[in-house]
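**Student:** For reference, the structure I am asking about is given below.
The values are calculated or read from the model by the stated rules, or taken from the named source; none is laboratory data. Everything numeric here is computed off the predicted structure, so don't read it as measured data. Neighbour counts run over all protein chains shown; Cβ positions are idealised from the backbone, glycine included.
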Amino acid sequence: MSQNRLLFTLDGNASLQQALQQRLSLQRGDCEIRHFPDGESYVRVHSDCRDSDVAILCNLHDPDRIILPLLFLVGTLRELGAKRVGLLAPYLAYMRQDARFNPGEAISSRHFAALLSGQVDWLVTVDPHLHRFNTLSQLYTIPSQVVYAAPLVAEFIRQQIHTPLLIGPDQESEQWVAAIAADVGCPYQVLQKKRHGDREVEVSLPQTEHFRQHTPVLLDDMVSTGHTMLAAIGHLKKMQMQAPVCVATHGLFVEEASQRLLAAGAERVISCNSVPHASNAIDLSPVLVPAVQSFLSM
Ligand code: R5P
């Protein structure tokens, strides 16, 4: 095993950590992260990282809590002699506030990208929420690689769901829902969505009458509060469709959202393992391992 390729993990993601360590022959980086009683972060690196090539696997689903420990860790690794420090953030935070929707608002996507670009040498992420920015390089100035969950989601649906009808939550999702549907070989529909606030979402489904025998599969790149999917479930119920399977690439599930989806009538809630959660059923390591490998020295 190479002595100087290290993987540090912040905030735990056991399944991805294990896959990366084993398949890339990385040594586990040992560090201690905790908070002082006043809330300040304490970081200590135990591993010898002189001349090392370091990857940090970090969950950014609660970004304000983890960003300072992450930056302190990167800075400390460099002081202790790490040659390169890259970031694997399967879920990339702060991608949705990508415009000034109201006067005076921070375009957080830009500031967050500037902060990370100033500290790490490379970035790997999965399906970042690109909407008003077309590519990650419009935001991040460091080398980056985006990988996609779509082929793995398609494989899961093909194997596990009988006569699926894929449903995208909004126009924006059409491209990738259409691609997954083509891969699976099944029909799809796209909802018309109107968001009235953080927790107020209204949707409508154009055609349902032909699909009452299908299993609706609600697909979204992320589920946060769950209100987009809740609105969709409510609509499907009204249309007397079958109970849907909800599939999220990034399941943030704030405020117990997955429980509320089940209580509202979802048959199952499934997510990729970008954010550790009981619903994780789709392993992203087949697409992440080669992407991280491309940034590590041999
Ligand atoms: C929005 O454009 C995204 O694709 C998701 O639909 C949205 O972020 C989900 O948020 P929530 O679960 O809070 O409705």
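**Student:** Could you check the stretch 20-39 and list, in sequence order, the residues that are within 23 Å of the chain's Cα centre (by Cα) and without any contact (Cβ under 8 Å) to a residue 12 or more places away in the chain?
**Tutor:** Q22
**Student:** Quick check on P244: is it surrounded by fewer than 21 Cβ atoms within 10 Å (Cβ to Cβ) and either touching a strand residue (DSSP E or B) at 6+ places or on another chain (Cβ under 8 Å) or under 22 Å from A14 (Cα atoms) (or both)?
**Tutor:** Spelling it out, it is not the case that P244 is surrounded by fewer than 21 Cβ atoms within 10 Å (Cβ to Cβ) and either touching a strand residue (DSSP E or B) at 6+ places or on another chain (Cβ under 8 Å) or under 22 Å from A14 (Cα atoms) (or both).
**Student:** So which of R65, R158, R78, R96 is of a type in the set (K, R) and assigned to a loop (DSSP other than H, G, I, E, B)?
**Tutor:** R96
**Student:** For the stretch 97-106, state whether one or more residues are touching a helix residue (DSSP H, G or I) at 6+ places or on another chain (Cβ under 8 Å) and not aliphatic (A, V, I, L, M).
**Tutor:** yes
**Student:** How many residues does the stretch 105-128 contain that are in a loop (DSSP other than H, G, I, E, B) and in contact with an Asp or Glu (Cβ under 6 Å, 6 or more places away or on another chain)?
**Tutor:** Qualifying residue count for the region: 1.
**Student:** Can you find a residue in the stretch 141-151 that is more than 16 Å from the ligand (Cβ to nearest atom) and in a helix (DSSP H, G or I)?
**Tutor:** For the stretch 141-151, residues more than 16 Å from the ligand (Cβ to nearest atom) and in a helix (DSSP H, G or I): present.
**Student:** Examine the stretch 212-222 for a residue that is at negative phi, in contact with a Ser or Thr (Cβ under 6 Å, 6 or more places away or on another chain), near the ligand (Cβ under 10 Å from one of its atoms) and not hydroxyl-bearing (S, T, Y), and state whether such a residue exists.
**Tutor:** Yes - at least one qualifying residue is present in the stretch 212-222.
**Student:** Restricting attention to the stretch 120-134, and to residues there that are modelled with pLDDT of 95 or more and either aliphatic (A, V, I, L, M) or surrounded by fewer than 21 Cβ atoms within 10 Å (Cβ to Cβ) (or both), which single residue is nearest to D221 (Cα to Cα)?
**Tutor:** Among those residues, the one meeting the criterion is V126.
**Student:** Next up: Hey, any hits in the stretch 161-171 for a residue that's under 27 Å from V289 (Cα atoms) and not β-branched (V, I, T)?
**Tutor:** No, the stretch 161-171 contains no residue that is under 27 Å from V289 (Cα atoms) and not β-branched (V, I, T).
**Student:** Among the numbered conditions (1) closer than 28 Å to S15 by Cα; (2) within 16 Å of the ligand (Cβ to nearest atom); (3) at pLDDT 95 or above, tell me where S117 comes up short.
**Tutor:** (2)
**Student:** Same structure, new question: Select from the stretch 241-275 the residues that are within 15 Å of the chain's Cα centre (by Cα) and either among the β-branched types (V, I, T) or more than 20 Å from Y148 (Cβ to Cβ) (or both) and list them in ascending order.
**Tutor:** Passing the criteria: V247, T249, F253, V254, I270, V275.
**Student:** Let me ask another. Which one of these is free of Cβ contacts under 8 Å to residues at least 60 places away in the same chain, in contact with a Ser or Thr (Cβ under 9 Å, 6 or more places away or on another chain) and away from the ligand (no atom under 14 Å from the Cβ): A154, A181, A243?
**Tutor:** A243
**Student:** Further question: Which of (1) closer than 26 Å to S294 by Cβ; (2) surrounded by 13 or more Cβ atoms within 10 Å (Cβ to Cβ); (3) at pLDDT 95 or above does S41 not meet, given it meets every other one?
**Tutor:** Going through the list (1) closer than 26 Å to S294 by Cβ; (2) surrounded by 13 or more Cβ atoms within 10 Å (Cβ to Cβ); (3) at pLDDT 95 or above, S41 breaks only (1).
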